[in-house]
Amino acid sequence: MRDRSFSHHGGWLRWVTPGTVVIFFALAMTASVLGVVVWKALEAKSTALERGKTDIQNLAHSLAEHASHTIQAADIAMTGMVDLLMYQVPLPERFNKYLVETVATLPQIREIGVLNADGEWKYSSLPETPRHNNSDRKYFAYHRETPGKALRISEPLQSRLTGRTTIVLSKRITRMDGSFGGVLVAAIDSDYFSGFYRTFQIGQDGSVGLFRSDGIVLIRWPHSDNARDLSKTDAYVTSRRERKKVEMLFAHLKRILKLDRLRLRGPNGAKDEFHLAAAAQNLRKLAKLIPMLPAITPA
């Protein structure tokens, strides 16, 4: 008797020709190759995105460190001058020479000077002390009305001496009786930051910005006339929260470790002091991780 199952399979196999097998095999291989190509493309895309994210984070960190060190170094130098002017009235020729030396050690500062309580120039690092009055500047009015040693960073303004766009760092000078004694000012050219930002390859549509704590645009490179107040945006809120972490570290340096002025001269001395201060901060953090052993009381 004939095996029906065998006959059935034999009938089905009659339709499977060698050409059909080759076609199915080619389709399977094509699908496998396409699958591998798609998988590799997705993996490469994910790797590129992750690498780009890391590069952007490193770039943002580098830019933030540059701006922070630029302002912090000037702040420390200016704090020492304000303390000196509180107790002494140095001779112009001697103090002007000291200002020239300070500008030479801080390349970010174009000039530094002192305005008296009326806004007239009293000391200056320039070859000739300016003769115009700066009492109408916003930073001067701010320090005149606001006691304290806080550093103020001005909005971009046009220098009356050079005509260039300038950012002014300023500190109040307080007399021993607490009255207003003038303002110490240090000018930074906007080109100083633009020159540094220009060294980074950020793409044709990329841009770099530096903002004040209230959202005012200080620097934008490449320059654009469409700068606006970003203090209400989510990106600014996030940036401000992250920036406060860095500011807390510098506040810790000044209040806890007493690094309110630089003792060593020159950029290399400043770098060594900051490295030592950072090491001290790290040691304090590590010490807090050590569990405190309970006190042993005698039996």
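Once both labels are modelled 7 Å past Cα along the beta-carbon direction, what's the Ala117-Asn133 spacing in nm? Going by the 7 Å Cα→Cβ label model, 1.6 nm.
Considering all C-alpha pairs of segment 52-271, those separated by over 30 Å amount to 26%.
Close amide-amide hydrogen proximity is noted between Leu218 and Leu210, Phe211, Arg212, each under 5 Å apart and 5 or more residues distant or on a separate chain (H modeled in the peptide plane; Pro and chain starts excluded). With θ taken as phi - 60° and the Karplus curve 6.51 cos²θ - 1.76 cosθ + 1.60 applied, the whole-hertz 3J(HN,Hα) list for segment 133-139 is 9, 10, 5, 8, 6, 4, 5 Hz, x standing for glycine and proline. Of the chymotrypsin sites (Phe, Trp or Tyr not before Pro) found in segment 163-226, those that fall in a DSSP loop while having at most 14 other beta-carbon atoms within 10 Å are Phe200. Database remark: amide H of Gly182 closer than 5 angstrom to the amide H of Ile173 (H placed geometrically; neighbours at sequence offset of 5 or more, or on other chains; Pro and chain starts carry no H). Here segment 127-143 is scanned for amide nitrogen atoms under 18 Å from the site 7 Å beyond the Cα of Ala150 along Cα-to-Cβ, giving 138-143. Listed values for segment 81-86 are Karplus-derived 3J(HN,Hα) couplings in whole Hz (6.51 cos²θ - 1.76 cosθ + 1.60, θ = phi - 60°), namely 5, 4, 4, 5, 5, 5, and x replaces Gly and Pro. Residues in segment 149-157 carry Karplus couplings, in order, of 9, 5, 7, 10, 10, 6, 6, x, 9 Hz; the curve used is 6.51 cos²θ - 1.76 cosθ + 1.60 with θ = phi - 60°, and Gly or Pro positions show x.
With all projection directions averaged, the alpha carbon convex hull of segment 24-114 covers 8.2 nm².
Coordinate-derived values only; no laboratory data. Since the structure is predicted, the reported quantities are computational estimates derived from the model, not experimental observations. Ideal geometry is used to build each Cβ from the backbone, glycine not excepted, and the neighbour counts take in all protein chains shown.
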